[in-house]
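Heads up, the thing below is written out as structure tokens.
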Amino acid sequence: MSVVNPFARYGMRFAALLYLGLLLAIPLVMIFVKTFEDGFREPLEAVTSEEGLHAFYLTLLCVGIAVPLNTIFGVLCALMIVRDKFPGKSIINSLIDLPFAVSPVVIGLALFLVYGVDGFIGGPLDDMGIQIIFSTPGLVLATIFVSLPFVVREVVPVLQEIGDDQEQAASTLGANAWQTFWRVTLPSIRWGVTYGVVLASARALGEFGAVAVVSGRISGETETLPLLVQNEYDNFNVAGAYAAAIVLAILAVLILLSMNLLRRRSSGDEDEELGLQVVAQPAKEV
Amino acid sequence: MSTSADEFAKVAAKASGGINVTGVTKRFGDFVALDDVSIDVPDGGLTALLGPSGSGKSTLLRVIAGLEQPDEGQVLISGENTTDRRVQDRNVGFVFQHYAAFKHMTVFDNIAFGLKIRGQGTGKIRERVKQLIELVHLQGFEKRFPNQLSGGQRQRMALARALAVEPKVLLLDEPFGALDAKVRQELRTWLRHLHDDVHVTTIFVTHDQEEAMEVAEQIIVMNDGRVEQSGGPRDLYEDPASEFVMGFVGPAHRLGESWVRPHDVEIRHEPNGKTIEALIDRVVHLGFEVRVELTLQDGETFSVQLTREQVDELELKDGQIVFVRPKSSRTFSPDGTVPATVA
């Protein structure tokens, strides 16, 4: 470290701070400032209005369905990718990354084509009186789609790293596949799963593009929080837009905080273990 | 292979609780890992599967455990055909080279795993785990996690975990392979003593002939997916059935057409008609034992093992020309399998 000249070091720190400040921190702080510029009454009213509460509920509903589903699917899929050999595995592997690669608006349009009234799934469903697009199921579908890869991508490398030795050991000790999964595999990948859940939740919470296409933006019916922000802004209700944005920001911050706490806890585990190893009595062989 | 001894082992294994493997073949794609392998392990015995890497010894062990399914042949444990039985129903204890410790569990929970799976009561589990912890000398380490243990301690924990479920057979896959030389040596001796106490039919895989000879009562030598020879350590050393066994079990050198052990060579200063001329490259003193490194006229090199007294008596020095004669040697048929003559 001493090789680096102190000016260069401080210069780099300053540049990093400036970059993050101008692009992230200052705009976010400005939202807070703007929202509460004229007191708390107006933003509070906007948030607790019928539309505001419904948007809040709808956002939580989407996250609450999409994230658990993608967690179960993600863990199963990761197990399949890492532990099984089958033809077409590489195709599945690349398909999973599709939501990362494709623009959310395109995802929304694709869902619209399939599940819309004229789509080959949406049509028959519409005949049965089930509406997907421009209704809550469409919002949930779009949210599932965009937040699908996170758990898989977090769990796959962890599974690869731990190998299948422990699972084999469990089976020789009499554990069946189910017992092995609950007692050995899942505890070993728990941090990967947690991380994936946090990232998927953050993404599901803030999703705009895909949701916007399938929503139809019916106020108080198919409007999630990000859509509400946009809607209020378009209607020159700046205070309402800011207030809804604040709610989103707080939810996002809560998720980030929980991720940081979890990260600290998991690394804390390791520190503690390392510390113990140092004070432990010298390991005596045999 | 002496048939009468083999037959006896087979009958003994079937009568009690041994392991019989018959005609097992296992392929991985084009690679034949096991080629029509049959072995018999007597009840309560300690048997080594010895062979170089890629010889199929680990695959055979995994087939016995049920971790691999053979393409052909069958596996009998205590006379029962277990070939189609799932791993978890075979009641085998398996110890892996890299421990396969449950990293998120304490030593206590690792050892208790199999007992918990079997739904035993807490009190009974605690008692049994306590016994096992004493057996493997890990008292005071119950609450540690695997990453707070040394390699040797982890392997002993793995052994206790495997023994906890009172397996019919104990299978060890290069159990000391990942440990350093000193710990290895200690664990070998310890495993031998443990086996004398516990008496469970045990097979362990190793590529180290010294380890096999030191620990096992019976050694099965494998090469290229086939069994080369099986027998006691002394039988294999003194009566190898093939060139491969001669070269793999103990040191051996080729001298002309025949094979000779380094301690079976006579060195003299005068030729006597049967001797071959050789040049001493180096006399290496290793304490009691002295290694004399020689080069023959055709450029081939080999070494002879002598005692310090013999070397002093002969006054052997670097650069001397001497005459050597094998005291006993072995010649194999051209395909390297059938022992032709013993001189």
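Note on B:SER303 and B:GLU217: with the Förster distance fixed at 41 Å, the Cβ-Cβ geometry gives a FRET efficiency of about 0.85. Across the stretch B:182-190, computed HN-Hα scalar couplings (Karplus, 6.51 cos²θ - 1.76 cosθ + 1.60, θ = phi - 60°) run 5, 4, 3, 4, 5, 5, 4, 4, 5 Hz from first to last residue, x flagging Gly and Pro. For chain B, modelled as a GNM whose springs connect Cα atoms under 10 angstrom apart, the maximal fluctuation among B:GLY29, B:GLY225, B:GLY319 occurs at B:GLY29.
Amide H contacts for B:LEU255 (H built 1.01 Å from N in the peptide plane; partners 5 or more residues away or on another chain; cut-off under 5 Å): B:VAL260. What chain B shows is 45 Å² of accessible area per residue, with the surface traced by a 1.4 Å probe over protein heavy atoms. Taking every protein chain into account, the accessible area of the stretch A:1-142 amounts to 67 square angstrom per residue (probe 1.4 Å).
Based on the Kirkwood radius over alpha-carbon pairs, what is the Stokes-Einstein translational diffusion coefficient of chain A at 25 °C with 0.890 mPa s viscosity, in µm²/s?
After rounding, the answer is 110 µm²/s.
Contact order, relative form, for chain A: 27 percent (alpha carbon pairs under 8 Å, 6 or more residues apart, mean separation divided by residue count). Simple rule: put +1 on each Lys or Arg Cβ and -1 on each Asp or Glu Cβ in the stretch A:22-264, find the dipole, and look at A:VAL197, A:GLY119, A:LEU248; the Cα lying farthest toward the positive end is A:VAL197. Positive-end ranking of B:GLY273, B:LEU255, B:THR301 along the dipole of the stretch B:206-343, with charges on Cβ about the Cα centre, is headed by B:GLY273.
Chains B and A together bury roughly 2700 Å² of accessible surface, counting both sides and using a 1.4 Å probe on protein heavy atoms. Sequentially through the stretch B:57-69, phi angles give Karplus couplings (6.51, -1.76, 1.60; θ = phi - 60°) of 5, 5, 4, 4, 4, 5, 5, 4, 6, x, 6, 10, 9 Hz, Gly and Pro residues having no value and appearing as x. A DSSP coil position with no more than 16 other Cβ atoms inside 10 Å describes the following trypsin sites (Lys or Arg not before Pro) in the stretch B:195-280: B:LYS274. Residues of the stretch B:80-104 that bury at least 30 Å² of accessible area when the other protein chains are present, relative to the chain alone (probe 1.4 Å, heavy atoms, ligands and nucleic acids excluded): B:VAL87, B:GLN88, B:PHE96, B:ALA100, B:PHE102, B:LYS103, B:HIS104. Under the criterion of Cα pairs below 8 Å and six or more residues apart, the relative contact order for the stretch A:93-244 equals 30 percent. When the Cα atoms of chain B are aligned to their principal axes, the ranges along those axes come out at 78, 44, 36 Å in descending order. Leaving out ligands, DNA and RNA, and with a 1.4 Å probe, what % of the accessible surface on chain B is carbon or sulfur? Carbon plus sulfur share of accessible area: 49 percent. What you get for chain B, charging only the Cβ of Lys and Arg (+1) and of Asp and Glu (-1), is a dipole of about 1940 debye around the Cα centre. Of B:LYS103/B:LYS143; B:LYS57/B:LYS182; A:LYS85/B:LYS26; B:LYS103/B:LYS168; B:LYS116/B:LYS168; B:LYS116/B:LYS143, which ones are farther than 21 Å apart at the Cα? Violating the 21 Å limit, Cα to Cα: B:LYS57/B:LYS182; B:LYS103/B:LYS168.
Taking amide hydrogens as placed 1.01 Å from N in the peptide plane, the amide H of B:ALA33 sits under 5 Å from those of B:LYS26, B:ARG27, B:PHE28, each at least 5 positions away in sequence or on another chain. Computed over the Cα atoms of the stretch A:16-75, the ratio of the radius of gyration to the Kirkwood radius (Rg/Rh) comes to 1.19.
Extent along the principal axes, Cα only, for the stretch B:27-116: 41, 29, 25 Å, with the longest axis given first.
Taking a cut-off of 15 Å between Cα atoms, list the aspartates and glutamates near B:LYS124, but don't count ones fewer than 8 places away on the same chain. Qualifying aspartates and glutamates at Cα under 15 Å: B:ASP109, B:GLU166. Taking a ≥ b ≥ c as the square roots of the eigenvalues of the Cα gyration tensor, an a/c ratio of 1.5 or more together with a/b larger than b/c marks the protein assembly as shown as prolate. With the simple spin-label model, which puts each label point 7 Å out from Cα in the Cβ direction, the A:LEU22 to B:ASP197 separation comes to 7.2 nm.
Peptide B:137-144 has a mean shielding of 2, counted as Cβ atoms of other protein chains within 10 Å of each residue's Cβ.
Dividing the mean sequence gap of close Cα pairs (under 8 Å, 6+ apart) by how many residues chain B holds gives a relative contact order of 17 percent.
Karplus-derived 3J(HN,Hα) values for the stretch A:171-186, using 6.51 cos²θ - 1.76 cosθ + 1.60 with θ = phi - 60°, are 5, 5, 8, x, 7, 7, 4, 5, 5, 4, 4, 6, 8, 10, 5, 4 Hz; glycine and proline are entered as x.
The values are calculated or read from the model by the stated rules, or taken from the named source; none is laboratory data. Not measured: the values here are computed from a predicted model. Cβ sites come from the backbone with ideal geometry, for glycine too, and all protein chains shown count toward neighbours. Ligands, DNA and RNA are excluded from the accessible area calculation, which covers all protein heavy atoms including side chains. Shrake-Rupley method; radii C 1.70, N 1.55, O 1.52, S 1.80 Å.
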